[in-house]
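The values are calculated or read from the model by the stated rules, or taken from the named source; none is laboratory data. Worth saying up front: this structure is predicted, and the values here are computed from it rather than measured. Virtual Cβ from ideal backbone geometry, glycine too; neighbours counted across all protein chains shown. Side chains included, ligands, DNA and RNA excluded: accessible areas come from the protein's heavy atoms. Shrake-Rupley method; radii C 1.70, N 1.55, O 1.52, S 1.80 Å.
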Amino acid sequence: MLSSRFSRLPRVLNGSIRSMSGSNPSHINTPDNLTTTYFDFTEENYLRVTRILSKYPSNYKQSGIIPLLDLAQRQAGGWLPLAAMDKVAKIVGVAPMRVYEVATFYTMFNREKVGKYFMQLCGTTPCMICGSEDIKNTIEKHLGIKDGETTEDGLFTLREVECLGACANAPMIQMNDDYYECLTPKTTIELLEACKKGQPPPMGKWGSLPMNGQVSCEGPKGKTTLMSVPEPPPFRTDFDKFEKVDPKSVKVHMGYGGYDETTPEEDLTGAGGVGGQGGRGGGTL
């Protein structure tokens, strides 16, 4: 079985390396991605813009380019139109090219539209050995798409990527912000069908979801170590003053899960949030 897994290595090493960027390095005009296309942050997201920029000296606003691009991408529905990059450049006071350089360098930024459920399939060695090729083939067959493609209904985009840091629970995919781990072809199809119904399985206790029923990366015997909260080092006595965050809800805490009129004001302007979903809207700094 291992020999079949490693049989793809010569193909990889001989030049058929998976795309690292997932996007064309050059801008391509499309009807919804022109220099004249409108983009502005929503009023709610301008609160986040202010919060992000407050972390940096006023003469180093360009330090906020990455979190502002992330915020713009979330508002735009998972991708970065040219107008959004231009808006970020204007906010931080740099030439648009400086923002383009960042957006084209980091693979987390999608300069082409992706599906509602953006699936990044890890294909690095631990996942490959544990069956990522089977998971990839299952997704492609079940959805009728290939790596880098989006389904006709706009629901799913598949992209094979490098290590996502969940090697203990291989094979796995990152779907939007969520990790679905310990996958098999059967549970992969179940996940896809749940997403088609608009009911993706919620994350587990520790912010990810192994699809085999285990908790995080605990073994079959469950938790066997670290049964209590460790004592803080003697040189730090101020841990109690820090806000406690439930790992399961960390994405909502950071603003990744969106918000509505019921969200407390302090959650919009508070710790760390650079996310948020929203439609096209107005607002100025």
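Classify the range 59-154 as rounded, prolate or oblate, taking a ≥ b ≥ c as the square roots of the eigenvalues of its Cα gyration tensor: rounded when a/c is under 1.5, otherwise prolate if a/b is larger than b/c and oblate if not.
Values: a/c = 3.65, a/b = 2.08, b/c = 1.75.
Prolate shape, in that a/c is at least 1.5 and a/b is the bigger ratio.
List the GluC sites (Glu not before Pro) in the range 142-211 that DSSP assigns to loop (not H, G, I, E or B) and whose Cβ has at most 16 other Cβ atoms within 10 Å. Which are they?
Details: sites: E149, E152, E160, E162, E181, E190, E193; in loops: E149, E152, E162.
Answer by residue number: E149, E152, E162.
Using 31 Å as the Cα-Cα cut-off, could you pick out the over-long pairs in K186/K223; K87/K196; K113/K251; K116/K221; K61/K241? Before the final figure, lay out each step's value.
On the way: K186/K223 26 Å; K87/K196 33 Å; K113/K251 22 Å; K116/K221 37 Å; K61/K241 29 Å.
The pairs that break the limit, which is 31 Å between Cα atoms, are K87/K196; K116/K221.
Heavy atoms only, probe 1.4 Å: what % of the accessible area of the range 130-216 goes to carbon and sulfur, would you let me know? Let's see the in-between values first.
Numbers: 2090 of 4090 Å².
With neighbouring chains kept in place, the figure for the range 130-216 is 51 percent.
At a probe radius of 1.4 Å, what is the per-residue accessible area of I129, in Å² to the nearest 10?
60
What is the calculated FRET efficiency for N29 to E149, with r their C-beta to C-beta distance and R₀ = 25 Å, to the nearest 0.05? Could the numbers behind the result be given before it?
Details: r = 21 Å, r/R0 = 0.83.
So the FRET efficiency works out to roughly 0.75.
What is the gain in length, in nm to one decimal, between S228 and N176 on full extension, counting 0.36 nm per residue of separation less the C-alpha to C-alpha distance? Display every interim value, and only then the final one.
Values: separation 52, 0.36 × 52 = 18.72 nm, distance 3.24 nm.
Between S228 and N176, full extension yields an extra 15.5 nm.
Can you tell me how the range 56-97 classifies by the Cα gyration tensor, rounded, prolate or oblate, using a/c under 1.5 as the rounded cut?
Numbers: a/c = 3.18, a/b = 1.65, b/c = 1.93.
Since a/c reaches 1.5 but b/c is at least a/b, the shape of the range 56-97 is classed as oblate.
Give me the accessible area per residue for the range 90-239, probe 1.4 Å, as a whole number in Å². Intermediate values should be presented prior to the final figure.
Working: 8340 Å² over 150 residues.
Heavy-atom accessible area per residue stands at 56 Å².
What percentage of the solvent-accessible surface of the range 46-86, computed with a 1.4 Å probe over protein heavy atoms, is contributed by carbon and sulfur atoms?
On the way: 840 of 1540 Å².
Percent of accessible area from carbon and sulfur atoms in the range 46-86: 54.
Could you calculate the contour length gain from S54 to K90, that is, 0.36 nm times the residue separation minus the distance between their Cα atoms, to one decimal place in nm? Please report the intermediate quantities before stating the final value.
Values: separation 36, 0.36 × 36 = 12.96 nm, distance 1.64 nm.
Extra length available between S54 and K90 comes to 11.3 nm.
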